[in-house]
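The values are calculated or read from the model by the stated rules, or taken from the named source; none is laboratory data. It should be emphasised that the depicted structure is a prediction, and the values quoted were computed from it without experimental measurement. Every residue, glycine among them, receives a Cβ derived from its backbone with ideal geometry; neighbour counts consider all protein chains shown. Note: areas computed on protein heavy atoms with side chains; ligands, DNA, RNA excluded. Shrake-Rupley method; radii C 1.70, N 1.55, O 1.52, S 1.80 Å.
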Amino acid sequence: MSNGKRLHPTAIIFKLMYSIKNAIYVAIPPLIASFGNDFFFWVIIGVGVLFLLFVLYSVVDWLRFTYAVVDDELRIHQGIFIRNKRSISKHRIQSIDLTQGVLHRIFKLTKVSIETAGSNQGVDAALSSVTFEEGKAVQDALKSKGPVVETEEEQQEEPDYPKKSVTNKELVIAGSTSGSIGVILGLMLLGFSEVERFIPESAYDEATRWILALAIEAILGLVIFFLVILWGLGILGTVIKYGRFTITRYEDELFITRGLLEKKQMTIPLKRIQAVGIKESLIRQPLGFASVYVEIAGGEVKAGSRTLLFPIIKKANVEQFLHEILPEYQEVPTEFTKLPTRALPYYIISMVFLPAIITVAVGIFLTDFIYLPIILAIAAVLFAILKHRTHGSHISEQQITFVTRDFSKDTILVKHKRIQSFEKRQHFLQRKQNLATVRISMLNNFAGRHESVSGFELEDADHLSDWYSLRKRAIPNNSDEN
Amino acid sequence: MREAPKNRIAKDALKAWKLTAIIVMSVFWALTIGGFVLVYFMDWSYWVISFIAAGVAILTYVTVFLIPKIRWRRWRYEVFDQEIYIQHGILIVSRVLVPMIRVQHVDTKQGPILKKYRLASLTISTAATTHEIPALPEAEAEELRDQISVLARVDEDDV
């Protein structure tokens, strides 16, 4: 058949590393178990033989893997015993991205990931290691833009597409306010100021108290030191992961490059975007920062992984950002239909339920520490109030916007046509009080996303349902696209 | 979503649900009777087992008589040209709108109990959710399935 090209020999190393990574859990227990006794020697030999087999396998696998671009198709032949020949038509390809790990970058190589529609990983393809020029060539050859546009593009070398990059300052802010590190830090500091109260007075006399206090201070210092280090690592991690983050808007796709050590590319066809979210975590919200993400249908299947459109941005600039990069979603409402006050008790009850039980339990068994769960319960009440005040909705012609809060405040923008189904719920108390819960379902790269807000005024909920109902929409005017 | 959907599901759904609940409860009763036998032979106190029997009796009443009745009374559906409208729920009443253009496929299903009463259930799937109308007369379910599948056949190239 056709003479395909081989991957760059470093593909052997990647394959080998991959195999070893999978086998390591099997190899470690016997190694540890036999450490120091007579079998150790044999186990070492076994592992060595296994390693050689892996090397052999990786080499043969490399020898048997060829690819070629023929007539608008990518053809891949692979497999040692079972030969697998796959052709992917360029018209079916949704995105081709070049990713460079550290090793790739040392040798000026790249990985080419090819994604087709559908979320089945088995259908997609990847060239684990080719030279960068080759990867670029494959990418150009398979981009389904049509030859006319391609030549045009090459001559002008990228006309003025909207583009936005992250600055170093933003990165540091993103890192220092990222994730749980900050929360842990705050909680720990708060917790340690209380620590001395935990030691009952009668437990030790003056002398030991002094030593103990010293020890506690030392431990405290150590822990804080440790946390600061963790925090620093968090910042470093963010800088490495999102360093040189750039997002570019083309006609019908978004293109993201990021990474300081590992360079990643990602193409998001606009068609696949199901919703845009603006997330403000508890630490970022008071500082006025947010991150912008999208829910995408299909693609890499990973629970809870959202694709960031921008790692950190001033909340006030989000609208401007969307206006430039994703004008389809540029409408970020500021006024929301809020929940009536009589919905508040349900929020409080659901939040306080657990702390209340804990309070009772502690009250019975550990009466001395009763103040702890009570603090927790008060925090829960405050949080419930915060939640109740945050939640809301907004509708415009084509878009619904929900604001919700778990811990972070999440503003989610969804187009009418991206909502798969709409649900209004009332339990018997809500029925009596004319309240309702609204839930909308949309598609994403995992099991779908179902966003619900409880405690709407019934009239407001019905207003939302009228907005969603195609039967009722059909009367004023026909919906237009996007 | 101000008014409830118009159509009720088949009256026989009540019988089918009752039968299902009776089958489940008979397992509990068998266990309870087994418990009594054990208590008799082992000469234990009847206290605990009587308590359990009372619990099972209440559960039987709730699952065989109460729940099917409320559930049936609550279940409504209506199929429009543009969307499907469903109401269900016992304590929490839920009303769902599924636009026809979002419907990916429709199935009818029939287990042995539904078959006995010539009923079938209809399942409507979108890309992110599934919805079931639990007990319709066989012929009606099939007719509805075909009707929905025709209505859902709207040209829309995106997801």
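So here's what we get for this one:
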read-out: Pairwise FRET efficiency - A:F226 versus B:F51, Cβ, R0 = 60 Å, nearest 0.05; value: 0.65
read-out: Furthest towards positive pole of dipole, B:P5, A:V228, A:I440, structure part the protein assembly as shown, Cβ charges; value: B:P5
read-out: Exposure of A:Y242 as accessible area (Å², to 10), given a probe of 1.4 Å and all protein chains; value: 40 Å²
read-out: Cross-link reach list, lysines versus A:K415, counting only Cα pairs under 16 Å and skipping chain neighbours closer than eight places; value: A:K271
read-out: Accessible-area composition of segment A:341-388, carbon plus sulfur, in percent [1.4 Å probe]; value: 85 percent
read-out: Dipole magnitude of the protein assembly as shown, debye to nearest 20 (Cβ charges: Lys/Arg +1, Asp/Glu -1, about Cα centre); value: 1380 debye
read-out: Residues losing 40 Å² or more accessible surface upon assembly, segment B:115-133, compared with the chain by itself, 1.4 Å; value: B:A127, B:A128, B:T129
read-out: Set of lysines near B:K115 by C-alpha distance (under 29 Å), chain-local residues within fewer than 8 positions excluded; value: B:K6, B:K11, B:K15, B:K18, B:K69
read-out: Rounded to the nearest 10 Å², the accessible area of A:S291 at probe 1.4 Å; value: 10 Å²
read-out: Cα-based reach from A:K136 at 19 Å (exclusive), listing lysines while leaving out same-chain residues under 8 positions away; value: A:K5, A:K90, A:K108, A:K111, A:K145, A:K263, A:K264
read-out: List A:F226, A:F369, ordered by accessible area with a 1.4 Å probe, largest first; value: A:F226, A:F369
read-out: Relative contact order %, segment A:10-156, counting alpha carbon pairs below 8 Å whose residues are six or more apart; value: 17 percent
read-out: Hz values of 3J(HN,Hα) by residue in segment A:424-440 - Karplus curve (6.51, -1.76, 1.60), Gly and Pro given as x; value: 10, 10, 9, 8, 5, 6, 4, 4, 5, 9, 6, 10, 8, 9, 10, 10, 10
read-out: Solvent-accessible area of B:E3 with every protein chain in place, 1.4 Å probe, in Å² to the nearest 10; value: 120 Å²
read-out: Accessible carbon and sulfur surface of chain B relative to its total accessible area, %, 1.4 Å; value: 62 percent
read-out: 0 to 90° range, to nearest 10: angle between helix B:138-151 axis and chain B longest Cα axis; value: 40 degrees
read-out: Solvent exposure ordering (accessible area, 1.4 Å, most first) of A:K472, A:K271, A:K424, B:K6; value: B:K6, A:K271, A:K472, A:K424
read-out: Chain pair B, A: total accessible area buried, heavy atoms, 1.4 Å probe, Å²; value: 2500 Å²
read-out: Pair B:Y61, A:I375: separation of 7 Å Cα→Cβ label points (nm); value: 4.9 nm
read-out: Å² per residue, accessible surface of the protein assembly as shown at 1.4 Å; value: 55 Å²
read-out: Relative contact order (%) - criterion: Cα under 8 Å, at least six apart; region: chain B; value: 22 percent
read-out: Ranking by accessible area, most exposed first, for A:F40, A:F407, A:F365, A:F107 with a 1.4 Å probe; value: A:F365, A:F407, A:F107, A:F40
read-out: Nearest-0.05 FRET efficiency for B:I23 and A:E335, computed from C-beta distance (R0 51 Å); value: 0.40
